[in-house]
Amino acid sequence: MQAASSVPAPLTVDATAGDAPGRSPWWHVWLLAVWLAVPGNLPLWQRVATLTADSASQNVQLLALGLMVLGLTAGLLYLVHWPRLYRPVASLLVLIAAFNSYFMWQYRVVIDTTMMANVANTDAREVRDLLTWHLPAVVAGVAGPALWWIWRRVPAWRAPWRQAGRNLLGVVLSVALAAAALMAGYQGIASLMRGHKELRYMINPLNSVYASGALMVHASSGAVRELEPVGQDAALGASYAAQARPPLLVFVVGETARAQNWGLNGYERQTTPVMAQWAANEGLVNFPDVTSCGTNTQVSVPCMFSPLGRDDGGNAAPRSENLLDVLQRAGLAVFWLDNQSGCKGVCDRIPHAQAAEQPVAALCGEGECLDEVMLNGLDARIAALDPQQRARGVVLVMHQMGSHGPAYHKRAPADRKPFQPECRSVTLSECPADQLRNAYDNSIAYTDHFLGQTLAWLKAHAQAGRWDTGLLYVSDHGESLGENGLFLHGVPYAFAPVQQTRVPMVTWLSPALQQRRGVDAACLRERATRPASHDNLFHSVLGLMDVSTALRNPALDLFAPCSGAAVSASPAG
């Protein structure tokens, strides 16, 4: 026997040695998998228990689904079960499960690729609005014990080839367990998943692993793919040949406004009194039945400007240029002014700016600004555009902060809040329903005020004979305010509630622009009562701005049926 060394033994075990007692990687992996499958998925199990409450086989379904989740989770852990890799990755998976659980509990969200895209594209301002004192408590409760288990002692590792064999065996056994559980409870699990597709996006942390992987594949393929040019035949129509004044169209991209709370749509509250006055006296037209392309900004904003409709792939990652590129290619001045977290790539090839770069003390604070800041210095911004393009016409896009949640109370100034008391918390589930609605409706009322200010600015320019002006407003998606236990937005479109997919839309054309394009106001008001969607926007803006291109589909142009002047197929001289 060798004499004991006076030098302390190293913390790690010799790679060729067997497992030390009580330190078997088998137990390390499986106990962690159990923790992730059960406490790490409490929102899932609460939802499943609710859905199967009246089922005689509830316990069987819960057990079968639980074992399936356990097997898949263990298999994932075995894939990363290597020295220097296992503990950091396992810790990350535990933290992901904890954060997911918090947001599932708090806002009833699910984690799919679009939600992960939202996370990847969020900014510090949006993150700050989501932070509450409940977050660290939930994360500590879900992740704390598992992190202690992961880091309390160093697992024993075998030689690489033996470790590979052990990991492979672990994966095989894990998948076998998941498959056996699925087969044993197939009828119940299949019925449950078919009827409630959102459940597949609630399985922590597998939901995030899958969604992140899909996004990375998307990003890697997109990194080497240039956007396909579109509308290369775009040209200005006959109305530009001898125009007295250039057209100026303001396209306001709303944020998180839902049709249900829009006063002009028959809502029980008058949240849009200014728009009601413009509709009664100035010819503003309201579209009460409009459907969004997505349930989040990351999908909807690119889709709104895409030449493709939702069913044709407009809701997918862009593969081609968009409406703004076509307008600019035709010779118009195009400008994007943002009071949000960016244009999601839509404005990358045109002049653009963040409104907060020119802050106004009365409208800005805590790193964000109210939407009226976009009207500050607007004439100077337009004057700075290319003079030749500006002389032909201008399309100005303004991207609102709008009703972005969960901090609805921040979306309107104190003197623009007609509905009281309002919820001032971002923990929406703890707000009384009436106060939550008050806070949200105040944000809609402020959008109404902002649009009124924008319309007044456009009308003044029209009356001064500087521009033939018009406005188009439409929200990117809607919002849930607690209906069916859901808050915010981003539910996968296939089973999203109408509160997240029905959005408000209005348009106003100055008399000069109506005459220029031959638009019959009474006809347009009648046309507006019919269903419309984001699919119409690309073609309607091209038609209104008299841009001819083979891409434009007159059947999707909302103004075409009411226009006496056909869009010219030949360019202006």
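Assorted remarks:
- The protection proxy used here, the mean number of other Cβ atoms lying within 10 Å of each residue, ranks peptides 174-182, 294-302, 433-441 as follows, highest first: 294-302, 433-441, 174-182.
- Extension gain for residue 85 to residue 163 (0.36 nm times residue separation, less C-alpha to C-alpha distance): 26.8 nm.
- Pairwise label distance in nanometres, residue 376 with residue 60, each label 7 Å out on the Cα-Cβ vector: 6.6 nm
- Normalised contact order of the chain, rounded percent, pairs of Cα under 8 Å and 6 or more residues apart: 20 percent
- Convex hull volume per residue in cubic angstrom - Cα atoms of region 431-498: 98 Å³
- Scanning residues 5 or more positions from residue 468 or on other chains, those with amide H under 5 Å from its amide H are 248, with H placed 1.01 Å from N in the peptide plane.
- Here region 488-567 exposes an accessible surface that is 56 percent carbon and sulfur, computed with a 1.4 Å probe and the other protein chains kept in place.
- Set of aspartates and glutamates with alpha-carbon distance to residue 459 below 18 Å, sequence-local pairs under 8 removed: 282, 372, 379, 448, 468
- With the convex hull drawn over the C-alpha atoms of region 121-234, the volume per residue is 282 Å³.
- Folded to 0 to 90 degrees: helix 25-37 orientation relative to the chain principal axis, Cα: 40 degrees
- Packing rank of 228-237, 353-362, where each peptide gets the mean count of other beta carbons within 10 Å, highest leading: 228-237, 353-362
- Ratio of the Cα radius of gyration of region 192-313 to 2.2 N^0.38 Å, where N counts its residues: 1.57
- Reported label for calculated Kirkwood radius over Cα pairs in Å given [x] 25.6; [y] 24.3; [z] 26.5: [z]
- Sequence-distant residues sharing a close amide H with residue 289 (under 5 Å, placed H): 532
- What the Cβ-Cβ distance of residue 121 and residue 244 gives, at R0 = 41 Å and to the nearest 0.05, is a FRET efficiency of 0.40.
- Maximal additional length on extending the residue 209-residue 148 stretch stands at 19.7 nm, based on 0.36 nm per residue less the C-alpha distance.
- Acute angle (nearest 10 degrees) that the helix 58-79 long axis makes with the longest principal axis of the chain, alpha-carbon atoms: 80 degrees
The values are calculated or read from the model by the stated rules, or taken from the named source; none is laboratory data. Note that the coordinates shown come from a computational prediction; the quantities given were computed from them, not determined experimentally. All Cβ positions, even for glycine, are placed from backbone atoms using ideal geometry, and neighbour counts span all protein chains on display. Ligands, DNA and RNA are stripped out before the accessible areas are found, and what is left, the full protein with its side chains, is counted by its heavy atoms. Shrake-Rupley method; radii C 1.70, N 1.55, O 1.52, S 1.80 Å.
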